[in-house]
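Enquirer: First, the structure itself, so that you have it in front of you.
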Amino acid sequence: MSKRAHFIVFLLLFSFFSGLSAQSVKQLKKKATKENIPWISFKWVGDSIGNRYFDKAYINIPLQIENLPYQFDAQFDLGAFATIIYGKSITHYASFSPNLKESRDTLRIKGKKFPLYKNLTLHLDKVKFPNLTVVKLPGFGKEIPLDSVKTKTVKHIGTIGVDLCANKTLVIDYPNQKIAILDEIPGSLLTKTEFLPAKFNKDDRVMIPFTIGDKTEYLMFDTGSSAFPLITFPKYAELITDSKEPVTDSLGISSWGSVHQMYKKKMNKKMYLGKNQVKNEYVYYSDKAASSQKFFDDNGIFGFTGNVLFLDKILVIDFKNKKFGVIQK
């Protein structure tokens, strides 16, 4: 290109940018760097657990099954390794879509075989997830009467499990009540994220390192356990509490149809996530602490933790590269 041509191009560019206000240039830069993240909104659902009411007991996500013109929702539960549709709740909708016919394939869970839906399309809020394999849980859920099937009320139909995040990156934005399931971590979030040396088991459930007292202990992160900062077995609770301190509360907890008693006691150890002290003074414990002792041993965990510790944060969980990160708000 000749010097004259270079000069003309320079004049054209100069003319273009000089005609823009500082605000316009700022907006252009913002537009160029803004990422189109397909956010999925969620809502908190309150519930009475034992004799107490928790306003953030569960996370529910708007759900559409196939192209059915009905409003559903499902609990978002990273403690569930499979996405599930409740057998009782789906009964009167099964004839509306060919993909809501059970396949011959089954999935074995804890020694029992469960039927599967194959090639099912789910829409989480407005985001489409095609060709899914979804577990049907016979006899579970609330039966929807035939005369209520086509009403506009939202029907609770199932559970969204960790399987939808396989080889993806999950972003949970608690303050703004939304999640995203992405192919990779957005650059705008990557630079803000503090990653921790987390572990993932074969089912993609994530275990987060906490410092409790002077020890590093791993807690399994379970979004289905919203109300409790730390759940464990009595023998582990004894390590972080004073034997002379009284039990401060007792709650009857329902988990997948079974009810067991949970006890609350004040901790005598400080708890940290990375360099930040966790605002948690209590441990909850039970002989049936969300799972079996064998599960604890096999996964090397001290207990479970839920959403309550992260309500002012954004979490970035990279299931492909096995990374867990926190963005402080």
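Enquirer: Restricting the first residue to the stretch 197-225 and requiring it to be over 23 Å from Ile109 (Cα atoms), which pairs with a second residue that is acidic (Asp, Glu) meet a Cβ separation below 9 Å and a spacing of at least six or different chains?
Expert: Cβ pairs passing all conditions: Pro209/Glu217; Phe210/Glu217; Thr211/Glu217.
Enquirer: While we're looking at this one, here's another question. For Ile65, indicate whether it is crowded, with 16+ Cβ neighbours inside 10 Å, within 24 Å of the chain's Cα centre (by Cα), closer than 15 Å to His156 by Cα and in contact (Cβ under 8 Å) with a residue 24 or more places away in the chain.
Expert: Answer is yes for this residue.
Enquirer: Then there's this: Might you let me know whether the stretch 250-264 holds any residue that is of a type in the set (S, T, N, Q), loosely packed, with under 14 Cβ neighbours inside 10 Å and touching a Gly at 6+ places or on another chain (Cβ under 8 Å)?
Expert: Checked against the condition, which is being of a type in the set (S, T, N, Q), loosely packed, with under 14 Cβ neighbours inside 10 Å and touching a Gly at 6+ places or on another chain (Cβ under 8 Å), the stretch 250-264 yields at least one hit.
Enquirer: Just wondering, is there one or more residues in the stretch 104-119 that are in contact (Cβ under 8 Å) with a residue 24 or more places away in the chain, assigned to a strand (DSSP E or B), of a type in the set (Val, Ile, Thr) and surrounded by fewer than 18 Cβ atoms within 10 Å (Cβ to Cβ)?
Expert: Checking the stretch 104-119: at least one residue is in contact (Cβ under 8 Å) with a residue 24 or more places away in the chain, assigned to a strand (DSSP E or B), of a type in the set (Val, Ile, Thr) and surrounded by fewer than 18 Cβ atoms within 10 Å (Cβ to Cβ).
Enquirer: Considering only residues that are of a type outside the set (A, V, I, L, M, F, W, C) and buried (at least 19 other Cβ atoms within 10 Å of the Cβ), look in the stretch 205-217 and name the one that is nearest to the chain's Cα centre (by Cα).
Expert: Taking the stretch 205-217 first, the residues of a type outside the set (A, V, I, L, M, F, W, C) are 205, 209, 211, 213-217.
Applying the additional criterion that residues be buried (at least 19 other Cβ atoms within 10 Å of the Cβ) yields 205, 217.
Numbers: Arg205: 10, Glu217: 21 Å.
Within the stretch 205-217, the match that is nearest to the chain's Cα centre (by Cα) is Arg205.
Enquirer: Could you identify the single residue in Ile144, Ile157 that is aliphatic (A, V, I, L, M) and part of a loop (DSSP other than H, G, I, E, B)?
Expert: Going through Ile144, Ile157 in turn, just one is aliphatic (A, V, I, L, M) and part of a loop (DSSP other than H, G, I, E, B): Ile144.
Enquirer: Sticking with this one: Those residues that are touching a Phe, Trp or Tyr at 6+ places or on another chain (Cβ under 9 Å) and of a type in the set (Ser, Thr, Tyr), I need them from the stretch 84-124; list them, please.
Expert: Tyr86, Ser89, Tyr93, Ser103, Thr106, Thr121
Enquirer: For the stretch 83-103, name all the residues that are of a type outside the set (S, T, N, Q) and either at pLDDT below 90 or surrounded by fewer than 19 Cβ atoms within 10 Å (Cβ to Cβ) (or both).
Expert: Lys88, His92, Ala94, Phe96, Pro98, Leu100, Lys101, Glu102
Enquirer: Find the residue count for the stretch 138-192, including only residues that are hydroxyl-bearing (Ser, Thr, Tyr) and either touching a Cys at 6+ places or on another chain (Cβ under 7 Å) or free of Cβ contacts under 8 Å to residues at least 60 places away in the same chain (or both).
Expert: 3
Enquirer: With the structure loaded, tell me whether Phe210 is more than 18 Å from Ala80 (Cα to Cα), assigned to a strand (DSSP E or B), in contact with a Leu (Cβ under 8 Å, 6 or more places away or on another chain) and not assigned by TED's automatic domain parsing to the domain that holds Asp77 or whether it fails that test.
Expert: Yes, satisfied.
The values are calculated or read from the model by the stated rules, or taken from the named source; none is laboratory data. These figures come from a predicted structure and were not determined experimentally. Cβ: placed from backbone, ideal geometry, glycine included. Neighbour counts: every protein chain shown.
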